[in-house]
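Taking it in order: structure first as structure tokens, then the write-up.
We did not get these values from a lab; they are worked out from the coordinates using the rules stated. Just so it is clear, the structure is predicted and the values come from calculations on it, not from any experiment. Every residue, glycine as well, gets a Cβ built from its backbone with ideal geometry; the counts of neighbours run over all protein chains shown.
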Amino acid sequence: MPNKIEHLGIAVSDLEASEKIFTDVLGAAPYKREEVESENVITSFFKVGENKIELLQATSEDSAIAKFIATKGEGIHHVAFSVDDIQMEIDRLMDLGYRMIHEKPKEGADGKMIAFLHPKGSNRVLVELCADK
Ligand code: ZN
């Protein structure tokens, strides 16, 4: 089962400008920037206590983040829950009838293995499962 909110993902169109905003709001600079080539995004991570904020900017037009911003505008993109055993969690949810975007975990940013649930089955909230590698 998920044991905490690992991070909130926020879709932004100007990473530099958004890093400044969240540095002001959180009182600390991002601790890392990382490009995830398989997702066509560049990410920036902030710590908030034991949770994190992940800013995501598209690096190409066919990125899911570019499509999200084109249809919905900037804003909260996904909620990521931390799990101990990600494949077990994927299997548990699929057994309950939920549709996964990733039926096998894939490499995500910040040293995590990740999998997304299909948002149509979860109140249009995109849910990410993530576990340490
Ligand atoms: Zn994320």
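With everything on Cα atoms, drop me the angle between helix 15-26 and the longest principal axis of the chain, reported from 0 to 90° to the nearest 10.
That helix lies at roughly 90 degrees to the long axis.
Ignoring everything except DSSP H segments at least 4 long, calculate the 222 nm mean residue ellipticity for the chain; use -39,500 (n - 2.57) per segment, divide by total residues, nearest 500.
It lands at -7000 deg cm²/dmol.
How far, in nm, would the chain grow between LYS20 and LYS4 when pulled straight, counting 0.36 nm per residue and subtracting the alpha carbon separation? Present the calculation step by step, with values, prior to reporting the outcome.
Numbers: separation 16, 0.36 × 16 = 5.76 nm, distance 2.66 nm.
Additional length available on full extension: 3.1 nm.
Could you give the C-alpha radius of gyration of region 4-132 expressed as a fraction of 2.2 N^0.38 Å, taking N as the number of residues it contains? Numbers along the way, then the final one.
Details: Rg = 14.4 Å, N = 129, 2.2 N^0.38 = 13.9 Å.
My calculation over the Cα atoms of region 4-132 gives 1.03.
Return the FRET efficiency for the residue pair GLU74, GLU103: r is the Cβ-Cβ distance, R0 is 30 Å, and the value is rounded to the nearest 0.05.
Values: r = 29 Å, r/R0 = 0.98.
That pair, GLU74 with GLU103, gives E of 0.55.
Filter LYS4/LYS47; LYS52/LYS112; LYS47/LYS104; LYS32/LYS67; LYS47/LYS67; LYS4/LYS120 down to the pairs with a C-alpha to C-alpha distance above 20 Å, please. If you can, show how the numbers build up before the last one.
Working: LYS4/LYS47 14 Å; LYS52/LYS112 13 Å; LYS47/LYS104 27 Å; LYS32/LYS67 24 Å; LYS47/LYS67 27 Å; LYS4/LYS120 22 Å.
The answer is LYS47/LYS104; LYS32/LYS67; LYS47/LYS67; LYS4/LYS120.
Counting alpha carbon pairs within less than 8 Å and at least 6 residues apart, what relative contact order, in whole percent, applies to region 1-106? Can you show the working numbers first?
On the way: 171 pairs, mean separation 36.2, N = 106.
In percent, rounded to a whole number, it is 34.
Give the cross-link partners of LYS106 among the aspartates and glutamates, using a straight C-alpha distance below 18 Å as the criterion and excluding same-chain residues fewer than 8 apart.
Hits, sequence-local ones excluded: GLU6, GLU34, GLU35, GLU37, GLU39, GLU54, ASP84, ASP85, GLU89, ASP91, GLU128, ASP132.
State the extension gain, in nm to one decimal, for the chain segment bounded by ASP85 and ALA28, taking 0.36 nm per residue of separation less the distance between their alpha-carbons.
Working: separation 57, 0.36 × 57 = 20.52 nm, distance 3.11 nm.
Between ASP85 and ALA28, full extension yields 17.4 nm more.
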